[in-house]
Amino acid sequence: MPRGRFREPRGQALVALCLLRHYVAGQAVPDLPTSGSPVVSPGNVLANVGELAATNALEPVGVAPGGRTPSRSWWRETASGVVPVLPALVVLGTFVYGPAVLVVAMSFFHWNLAGFSQSQFAGLSHYRALLNPVSGFVPSLGVTAYYVGVMVPATVVMALLLAMLLRDSTKRVRGLSFFRAVVFLPYVTPSIATAVIWVFIFDPQFGLANAALRLVHLPAVGWLSSTHWALPAVMIDSMWKQVGFSVVLFLAGLSRIPTELMEAARLDGVGPTAIFRRIVLPYLSPVTLAVVMLTTIASMQTFGSIYAMTGGQGGGGGGPIGSTTTTAVYLYKVAFVDFHYGFGATVAVALFVLILGLILVQRRVGERRTFYR
Amino acid sequence: MARLQIEGAVKSFGSTRAVDRVDLDVADGEFAVLLGPSGCGKTTLLRLVAGLEQLEQGRILLGGRDVSQAAPADRDVAMVFQRYALYPNMTVFENIAFGLRARKIGKSEVAQRVERVAAALEISQLLGRRPGTLSGGQRQRVALARAISREPKLFLMDEPLSSLDTKLRSTMRAELKRLHHRLGATVLYVTHDQVEAMTMGSKVAVLRDGRTVQVGSPSDIYHRPADDFVASFVGSPPMNLLDGTVVRAEPGMVVVGVGSASLTLCGTDWSGTASGMGVRIGVRPEDLRLGPPHDSRHRLLGDCTVEVSEPMGHETVLHVNLGGDSLVVRTSSDGLPEYGEKVPLAIDPARVHLFDVSTGVAVGAATEGSVLSPVGAAR
Ligand SMILES: Nc1ncnc2c1ncn2[C@@H]1O[C@H](COP(=O)(O)OP(=O)(O)O)[C@@H](O)[C@H]1O
Ligand SMILES: [Mg+2]
């Protein structure tokens with residue numbers, strides 16, 4: 001079995017490194033101007049996540065065997081594992097892990113573009129500044145919490161709903177694959193392009209959104225220029241754009257449920273609600289956990305669409321009175337509008353730690369409720 | 001419990017007719033078996049009865065009521081699926097109780113029924129476990145328990161023993177039979193295994209390409225196969241089929257030439273035969289004998305060469321060659337000829353079947369008094 005090698009601890013560690021990269025970078029990588037990393041294609045991410053969901057690779061990864069005398073065969077085996085991933089490792093090391101380490105180092109300096117020798121050591125002062133209410137970091141956490149807190153449950157519900165509508169057994173629907181493509185297409189469209197469309201839709205005078213509100217006799221809304229509605233508007237864009245990805249995951253999960261189970265239940269007189277609750281949902285629990293974690297990471301890092309939709313006001317993004325300044329947007333403002341590279345790096349580290357912590361908690365809580373076959 | 005009537009059932013998938021005008025009547029409390037090779041439409045027919053597939057033509061009656069349009073839940077049938085279809089995230093108890101609760105049965109009644117069925121199938125100690133931790137045989141019992149607990153009008157079983165090993169299969173065969181006697185349930189049981197069909201069914205329907213070829217008791221199917229397909233499908237090792245020609249056909253008697261010999265066969269009805277007609281002569285392995293005939297029943301067919309010998313312990317199956325034709329002979333295990341040895345082969349003419357070579361349909365079976373004569377003797 002060609003995959004066998006990657007079941008071994010060393011191979012797994014390498015695979016885990018690659019996966020970790022996707023966790024840390026998410027698909028926001030191409031959006032973030034801070035990162036000089038190669039563009040991650042959606043197909044690439046999809047393949048990895050598919051693998052992730054399929055093999056339950058979320059299990060703790062083993063460590064390389066220690067304490068044994070390296071023998072010839074040990075070296076040969078290690079080499080046969082390392083050599084194939086070496087090119088990827090070099091590229092990733094140069095453009096992802098290297099910069100990541102650099103960012104951590106930068107966070108301890110009043111960073112000067114000329115390099116470390118010209119930069120003044122700042123110690124923990126940036127980290128203390130994070131907690132200073134004047135810095136804007138703490139408010140950005142609030143905005144982020146709001147954004148992520150809505151996006152994650154909404155994505156799970158919406159994606160599940162769409163997946164149920166677009167699942168294989170819905171044979172009555174003609175052009176099923178057409179609708180699937182329609183749902184997935186926004187995900188592979190550049191966020192700047194889609195943001196332009198949504199800015200149009202949310203135009204207070206001529207936009208579709210307000211036209212729709214008028215149609216049902218609701219008062220028009222200022223949308224992107226309103227402190228209340230700017231973030232919800234962005235959420236609608238993000239949801240529309242990203243839900244297709246989770247739909248694909250749920251579809252894969254649904255196709256793994258044996259139809260016989262549902263038939264057995266139907267024969268026994270079990271209603272559709274009970275079938276959904278007791279059979280479909282348990283089967284989808286690993287996928288749901290994956291969707292929750294991936295959406296969390298993606299939402300925490302969303303920058304492109306927020307910046308494109310609400311970036312014009314207030315000099316460099318963040319919506320009216322900072323109402324859409326999530327931590328990712330705040331990071332951009334600090335580093336590339338105000339040119340505080342060192343503090344920007346600190347915000348980046350803080351965001352990373354936050355995401356990591358959140359994911360670990362989700363995994364702990366989720367795994368206990370997850371039913372793996 | 002109820003009587004099941006299938007009338008002119010038709011079901012196609014695209015251009016393939018999976019079930020083609022099938023009629024079947026299963027009496028109340030009867031154990032009926034659908035027997036046929038893989039892909040002949042057994043599962044489809046079962047699913048039609050369950051309501052998991054929609055009939056194209058014909059109708060299905062259960063206890064005299066037309067259920068053709070009824071939803072699966074309203075038919076009051078229980079099905080044991082080929083791969084058990086147990087809910088992997090539920091315990092054994094919940095697996096059994098799930099369908100009962102859906103039927104609005106009270107909590108204590110559900111618990112009682114589960115306990116009772118579990119006790120009957122000796123799975124009481126497994127109630128707290130998940131299907132993933134059970135062996136194939138145990139899962140099988142759970143699937144059965146789930147069906148039985150429902151107390152349905154009709155049981156549908158789709159090759160329930162096919163994924164068990166040989167030993168377990170024969171145990172479960174007997175157990176299912178016992179269970180059937182105790183419950184007095186109406187059962188429609190699907191299998192491709194003729195041993196299961198013969199041993200379990202009181203009625204066997206042989207299916208081929210979506211059609212019923214023959215419906216009858218196991219003994220009917222075995223002793224009076226309707227055509228050469230049934231003849232060769234039922235029985236292990238299968239019936240020998242030799243090509244021959246009708247030499248003479250008279251009321252109550254027919255003379256058939258086969259190889260260098262000719263058979264004079266007596267029977268009640270040979271109306272399907274005519275002089276010069278091509279026929280297949282069917283004879284079961286146990287109706288052939290090695291060695292010179294030393295009783296009045298057997299007649300010499302010719303000398304054959306032993307090619308393969310398969311000792312089974314209580315008997316031996318020999319593959320022999322008779323003038324170019326391969327034949328299978330079932331003999332007792334003592335005094336066996338060697339490989340390549342030439343031995344006389346005798347036949348019991350009273351047990352010979354004749355099939356029309358072009359249609360395969362049986363044109364009659366011989367009865368007592370059939371005679372084999374050397375070539376030319378009967379002319
Ligand atoms: N859902 C289906 N779609 C298309 N063809 C099917 C379907 N189910 C069964 N068939 C076809 O119908 C025929 C009978 O199948 P089945 O009833 O499963 O046979 P059996 O159970 O006797 O092996 C086969 O040719 C099979 O390919
Ligand atoms: Mg089948």
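Selection of the range B:84-124 for residues being in a helix (DSSP H, G or I) and over 35 Å from the mean Cα position of the chain (by Cα) yields B:Arg101, B:Ala102, B:Lys107, B:Ser108, B:Glu109, B:Val110, B:Ala111, B:Gln112.
With respect to the conditions (1) over 18 Å from B:Val204 (Cα atoms); (2) touching a Lys or Arg at 6+ places or on another chain (Cβ under 6 Å); (3) part of a loop (DSSP other than H, G, I, E, B), B:Ala18 lacks only one, and its number is (3). Just name the residue that is nearest to B:Arg103 (Cα to Cα) out of those in the range B:123-168 that are of a type in the set (D, E, K, R) and in contact (Cβ under 8 Å) with a residue 40 or more places away in the chain. Residue satisfying both the conditions and the ranking: B:Arg150.
If you go through the range B:39-67 and keep only what is surrounded by 18 or more Cβ atoms within 10 Å (Cβ to Cβ) and either more than 16 Å from ligand 2 (Cβ to nearest atom) or assigned to a strand (DSSP E or B) (or both), you end up with B:Gly51, B:Leu55, B:Ile60, B:Leu62, B:Val67. Scanning the range B:15-38 for residues that are within 10 Å of ligand 1 (Cβ to nearest atom), surrounded by fewer than 15 Cβ atoms within 10 Å (Cβ to Cβ) and closer than 21 Å to B:Phe233 by Cα yields B:Pro37, B:Ser38.
Out of B:Glu109, B:Glu94, I need the residue that is at the interface with chain A (Cβ under 9 Å from one of its Cβ atoms), surrounded by fewer than 21 Cβ atoms within 10 Å (Cβ to Cβ) and not hydroxyl-bearing (Ser, Thr, Tyr). Which one? Full working, then the answer.
On the way: B:Glu109 fails: at the interface with chain A (Cβ under 9 Å from one of its Cβ atoms).
Just a single option satisfies the conditions, and that option is B:Glu94.
Residues that are more than 27 Å from A:Ser299 (Cα to Cα), at pLDDT 50 or above, small (Gly, Ala, Ser) and out of contact with any His (no Cβ under 6 Å at 6 or more places or on another chain) occur at least once in the range A:81-94. Could you say whether any residue in the range A:251-272 is more than 19 Å from B:Ala147 (Cα to Cα), at pLDDT below 95 and more than 27 Å from the chain's Cα centre (by Cα)? Yes, because at least one residue in the range A:251-272 is more than 19 Å from B:Ala147 (Cα to Cα), at pLDDT below 95 and more than 27 Å from the chain's Cα centre (by Cα).
Among the candidates B:Gly267, B:Gly323, which residue alone is under 27 Å from B:Gly252 (Cα atoms) and surrounded by 12 or more Cβ atoms within 10 Å (Cβ to Cβ)? Working first, answer last.
Values: B:Gly323 fails: under 27 Å from B:Gly252 (Cα atoms).
Only one candidate qualifies: B:Gly267.
Of the residues making up the range B:231-244, those that are farther than 16 Å from B:Gly41 by Cβ and either β-branched (Val, Ile, Thr) or not in a strand (DSSP E or B) (or both) are B:Ala231, B:Ser232, B:Val234, B:Gly235, B:Ser236, B:Pro237, B:Pro238, B:Met239.
Mind checking which residues of the range A:167-187 are at pLDDT 90 or above, aliphatic (A, V, I, L, M) and surrounded by 14 or more Cβ atoms within 10 Å (Cβ to Cβ)? Once the filter is applied, which keeps residues that are at pLDDT 90 or above, aliphatic (A, V, I, L, M) and surrounded by 14 or more Cβ atoms within 10 Å (Cβ to Cβ), the range A:167-187 yields only A:Val183. Within the range A:250-271, the set of residues being over 20 Å from A:Phe371 (Cβ atoms) and either more than 10 Å from every other protein chain (Cβ to nearest Cβ) or among the basic types (Lys, Arg) (or both) comprises just one member, A:Arg266. Output the residues belonging to the range B:182-200 that are away from ligand 2 (no atom under 16 Å from the Cβ), small (Gly, Ala, Ser) and crowded, with 22+ Cβ neighbours inside 10 Å. Correct list: B:Ala185 only.
Answer yes or no as to whether B:Gly8 is away from ligand 2 (no atom under 15 Å from the Cβ), of a type outside the set (Val, Ile, Thr) and within 14 Å of chain A (Cβ to nearest Cβ). Taking the combined requirement at face value, the residue does not satisfy it. Does at least one position in the range B:148-171 carry a residue that is within 16 Å of ligand 1 (Cβ to nearest atom) and among the polar types (S, T, N, Q)? Yes, the range B:148-171 contains at least one residue that is within 16 Å of ligand 1 (Cβ to nearest atom) and among the polar types (S, T, N, Q). When B:Arg113 is tested against (1) out of contact with any Pro (no Cβ under 6 Å at 6 or more places or on another chain); (2) within 16 Å of ligand 2 (Cβ to nearest atom), exactly one condition is not met: (2). Within the set A:Val247, A:Val234, A:Val280, the sole residue that is within 14 Å of chain B (Cβ to nearest Cβ) and in contact with a helix residue (DSSP H, G or I) (Cβ under 8 Å, 6 or more places away or on another chain) turns out to be A:Val280. Checked against (1) free of Cβ contacts under 8 Å to residues at least 40 places away in the same chain; (2) within 16 Å of ligand 2 (Cβ to nearest atom), B:Leu34 passes all but condition (1). Checking B:Ala27, B:Ala18 one by one, the residue that is modelled with pLDDT of 95 or more, touching a Gly at 6+ places or on another chain (Cβ under 6 Å) and farther than 21 Å from A:Leu267 by Cα is B:Ala18 and no other.
Scan the range B:58-74 for residues that are touching a residue at least 40 places away in the same chain (Cβ under 8 Å) and touching a helix residue (DSSP H, G or I) at 6+ places or on another chain (Cβ under 7 Å) and jot them down.
Quick first cut of the range B:58-74, residues touching a residue at least 40 places away in the same chain (Cβ under 8 Å) only: B:58-64.
Correct list: B:Ile60, B:Leu62.
Every condition in (1) over 10 Å from the mean Cα position of the chain (by Cα); (2) more than 16 Å from ligand 2 (Cβ to nearest atom); (3) among the aliphatic types (A, V, I, L, M) is met by B:Val204 except one, and the failing one is (1). So, in the range B:228-250, of the ones that are acidic (Asp, Glu) and touching a residue at least 24 places away in the same chain (Cβ under 8 Å), which residue ends up farthest from B:Glu286 (Cα to Cα)? In this case the residue turns out to be B:Asp243.
Of all the criteria given as (1) out of contact with any helix residue (DSSP H, G or I) (no Cβ under 7 Å at 6 or more places or on another chain); (2) within 14 Å of chain A (Cβ to nearest Cβ), the one not satisfied by B:Tyr87 is (1).
Within the range B:37-57, can you find the residues that are among the acidic types (Asp, Glu) and touching a helix residue (DSSP H, G or I) at 6+ places or on another chain (Cβ under 7 Å)? Once the filter is applied, which keeps residues that are among the acidic types (Asp, Glu) and touching a helix residue (DSSP H, G or I) at 6+ places or on another chain (Cβ under 7 Å), the range B:37-57 yields only B:Glu53. The strands (runs of 3 or more DSSP E) located wholly in the range B:136-224 that include 2 or more residues which are among the polar types (S, T, N, Q) occupy B:186-191, B:211-216.
The values are calculated or read from the model by the stated rules, or taken from the named source; none is laboratory data. Since we're looking at a predicted model, the values are computed, not measured. Counting neighbours? That spans all protein chains shown, and the Cβs are built from the backbone with ideal geometry, glycine included.
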